[in-house]
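The values are calculated or read from the model by the stated rules, or taken from the named source; none is laboratory data. As the structure is a prediction and not an experimental result, all values here were calculated from the model. Cβ: placed from backbone, ideal geometry, glycine included. Neighbour counts: every protein chain shown. These area figures cover heavy atoms from the full protein model, side chains too; ligands, DNA and RNA do not enter into them. Shrake-Rupley method; radii C 1.70, N 1.55, O 1.52, S 1.80 Å.
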Amino acid sequence: MDMSVWELNLRVLEEYHPQLYKKLTERLNPGPVSCLTEASRTEGMTLYVDTGGAAGYLHSRYNPKAELDRWWAEQEPELKSGAILIGMGLGYPLQKLRNHLDSEGMLLVIEPSLEIFRCALQTLDLREELADPRIAFSVEESLSHSGIKAERILSDLFYDVSVLVWPAYRRIFASFCNDMEARILEEANDIRMDQRTLLLFSHDWTRNFIYNLPALVKRPGINLLFDQFVKQPIIIVSAGPSLNKNVHLLHQAKEKAVIICVDTALRVLLKQGILPDLVVALDGSEKNYQHFAGIEERGIPLVIFPTTHYKIVAEYGGNGFSVAGSTEYVIHEFLECVEAKGGVSYGGSVATAAFDLACRMGGDPIVFIGQDLAYPDGRSHAAGTIFENIQKEFDASKGMKFVEGIDGRPVLTDRPLDYFRRWFEDQIELRRGERKFIDATEGGAKIRGTEISTLSQVVETYCQKSIGVSEKIAQILHSYQPPDLTQLRSRLKKSIRNLYQLGRLSRMAIEYNSRLREVYQVRKIKPKKASVYVEKLDRIDKLIQTLNQSRLIDLLLQQVLLVVTKGKLSEEPPGENQIQKAIRVTENGRILYSGIWEASRRVRDYLEKALNELADEGEEFR
């Protein structure tokens with residue numbers, strides 16, 4: 001007996017999208033959208049939907065194919081490497097997009113109705129689309145869930161992504177389309193901000209990553225704290241202006257809740273005589289080091305990341321934990337030589353890292369204080385921080401805006417803070433029902449998904465008995481045995497040798513590239529002479545790629561690569577002849593090879609310093 005289209009599609013859906021399959025097959029009652037498929041007057045099917053607030057056909061009642069062709073003629077010239085399709089209807093636009101998708105492209109289909117998705121699977125053979133690894137689906141999911149999936153494709157393709165909307169959805173799902181497009185725009189802006197940050201701090205991060213390597217591998221991993229405080233209260237202390245309202249109450253929570261302090265707020269707590277259980281230091285800038293400068297080292301366990309400013313680690317990192325997953329920039333191959341330290345997810349701020357750590361530790365409830373995510377009365381930080389005198393005023397040109405505060409009234413914020421707020425909301429949404437999240441900041445922006453409370457109420461309700469926080473953390477630290485570093489030292493030596501070779505090859509490439517440029521600048525060009533240098537440069541390029549397989553210098557090269565691939569020399573001006581093009585290309589090559597030489601020299605120096613710190617007693621490697 002032949003299987004129906006529905007059964008064939010379901011088989012593939014179960015194999016490639018098991019969660020969506022479960023969602024589809026477990027819904028027994030009709031959803032909020034009612035659907036009716038009908039034959040069109042020419043060929044193909046159409047679909048009538050009624051949302052209860054709007055109704056209409058998703059495809060032409062006369063000729064769905066002709067309608068699709070007209071729509072595609074408008075979209076195709078603007079199509080980029082990837083696409084986000086809002087509204088798939090019966091699947092016609094999905095099939096068209098898949099047929100034109102690059103081999104390395106990606107497609108995210110966002111469908112607001114599970115019932116429409118069901119009708120599509122009952123109508124068209126979509127097995128190829130469902131099994132295509134380039135295609136992801138977000139069906140009847142929250143704005144947060146769909147936004148997270150959109151962020152992934154935008155990040156992977158460096159926001160070279162087209163956003164397409166099937167026209168009928170703008171009429172029938174108008175609010176959904178507007179909200180989804182706004183969310184995708186926010187995600188694209190956030191990614192651009194992340195990329196600018198990457199370019200701005202590429203040199204600092206590379207230095208911090210490698211300088212911090214000895215401490216990262218010698219210290220216990222943060223994973224030793226995972227699930228150590230299940231169902232115990234954890235308070236995350238941030239440095240927003242409202243911290244001054246209730247920080248003194250933390251005395252009452254000491255040993256009765258885990259107190260995780262972000263680096264910016266450390267001075268405020270110490271001034272109150274409060275020693276947090278953990279301090280999280282994430283930022284790699286010199287300004288972040290100033291949060292610690294002049295503070296007496298008191299043995300508070302410090303949670304460090306590869307990005308943490310190296311002076312913080314060197315001067316205050318003698319006691320604490322490492323956060324170092326296996327995919328960290330630059331140093332991932334070295335971290336593979338020792339036991340896993342554990343990683344946390346974060347959304348660009350130290351408070352987001354502290355939040356994910358609290359979740360992994362098992363905290364319940366997780367309580368925010370000082371998490372304003374806004375500028376109440378124009379203030380940016382709590383009194384007692386190094387930023388206490390910063391004042392903010394509304395300036396739309398700088399991305400500032402007003403959002404809902406915890407009291408329902410508007411409060412001033414900006415793009416980075418609003419991004420952090422949405423990150424918290426997305427993460428809380430993903431963990432809905434798992435545990436309780438309480439915002440006891442007593443000011444600032446409202447974080448959707450949190451229960452609003454005061455810190456005194458939190459202390460009274462959840463912090464009435466000792467849970468031995470400091471003793472448990474001290475025991476974990478004391479019992480840790482550092483790993484054998486023999487393999488790591490060997491890997492470092494090999495990388496240093498490779499970097500010496502990269503430097504030598506790049507200097508040779510600079511010389512050959514200069515000679516090639518001279519060949520093109522003479523009146524009578526000698527093609528054979530030019531081809532000799534071209535062949536030599538090709539061989540060097542292949543050797544450089546081989547030596548840089550571990551991508552040690554890639555982060556330092558970000559700015560150079562941006563200039564080479566997106567700068568003026570990458571564009572062919574009108575009327576350019578072959579000689580002019582050759583000269584332009586060689587100038588671009590000079591920039592690239594000089595960048596490789598400088599990056600390999602810097603990283604080599606950093607690695608030699610790290611290796612000497614990891615050397616056996618009496619051993620020196622320079």
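Worth a mention:
- Taking packing as the residue-averaged number of other Cβ atoms within 10 angstrom, the listed peptides 608-614, 130-136, 32-38 run from highest to lowest as 608-614, 130-136, 32-38.
- Our estimate of slack between LYS494 and LYS401, defined as 0.36 nm per intervening residue step minus the Cα-Cα distance, is 28.3 nm.
- Diffusion coefficient, µm² s⁻¹, Stokes-Einstein with Kirkwood Rh over alpha-carbon pairs of the chain at 10 °C and 1.306 mPa s: 57 µm²/s
- Nitroxide proxy distance, nm - points 7 Å out along Cα→Cβ at SER470 and ARG41: 8.2 nm
- Sites GLN580 and LYS80, calculated FRET efficiency, Cβ-Cβ separation with R0 30 Å, nearest 0.05: 0.50
- Accessible area of ASP125 in the full protein assembly, 1.4 Å probe (Å², nearest 10): 70 Å²
- Annotation: extensible slack from ALA383 through GLN252 equals 45.0 nm (criterion: 0.36 nm per residue apart, minus Cα-Cα distance).
- Apportionment of accessible area to carbon and sulfur, the chain, percent (1.4 Å): 49 percent
- Across the range 237-330, C-alpha contacts under 8 Å between residues 6 or more apart give a mean separation that, scaled by the residue count, equals a relative contact order of 22 percent.
- Rounded to the nearest 20 debye, the dipole size of the chain about its Cα centre is 2020 debye, using +1 on the Cβ of Lys and Arg and -1 on the Cβ of Asp and Glu.
- Relative contact order [Cα under 8 Å, 6+ residues apart], the chain, whole percent: 12 percent
- Inter-centroid distance (Cα atoms) of the range 220-251 relative to the range 485-548, Å: 52 Å
- Per residue, the chain exposes an accessible area of 47 Å² to a 1.4 Å probe, with every protein chain left in place.
- Summary value for the range 552-622: 34 percent relative contact order, contacts being C-alpha pairs under 8 angstrom separated by 6+ residues.
- Of all DSSP beta bridges in the chain, antiparallel share, percent nearest 5: 30 percent
- Pair ASN612, SER142: separation of 7 Å Cα→Cβ label points (nm): 5.2 nm
- ARG491 sits with roughly 60 Å² accessible to a 1.4 Å probe, with DNA, RNA and ligands left out of the calculation.
- Measure of compaction for the range 273-427 (Cα Rg per 2.2 N^0.38 Å): 1.15
- Distance cut-off 18 Å, percentage of C-alpha pairs in the range 77-133 lying past it: 29 percent
- Label-point gap, in nm, between SER103 and ASP160 - each point 7 angstrom along Cα→Cβ: 1.5 nm
- Using a Förster distance of 25 Å, the FRET efficiency for SER4-SER34 (Cβ separation, nearest 0.05): 0.70
- The listed residues LYS256, LYS566, once ranked by accessible area (1.4 Å probe) with the largest placed first, stand as LYS566, LYS256.
- Between the range 415-474 and the range 64-133, the alpha-carbon center distance in angstrom: 40 Å
- Were the residues from ASN189 through THR454 laid out at 0.36 nm apart, the gain over their Cα-Cα distance would be 92.0 nm.
- With 5 Å bins beginning at zero, the pair-distance distribution over Cα atoms of the range 1-114 amounts to 2, 9, 15, 20, 21, 18, 12, 3, 0, 0 %.
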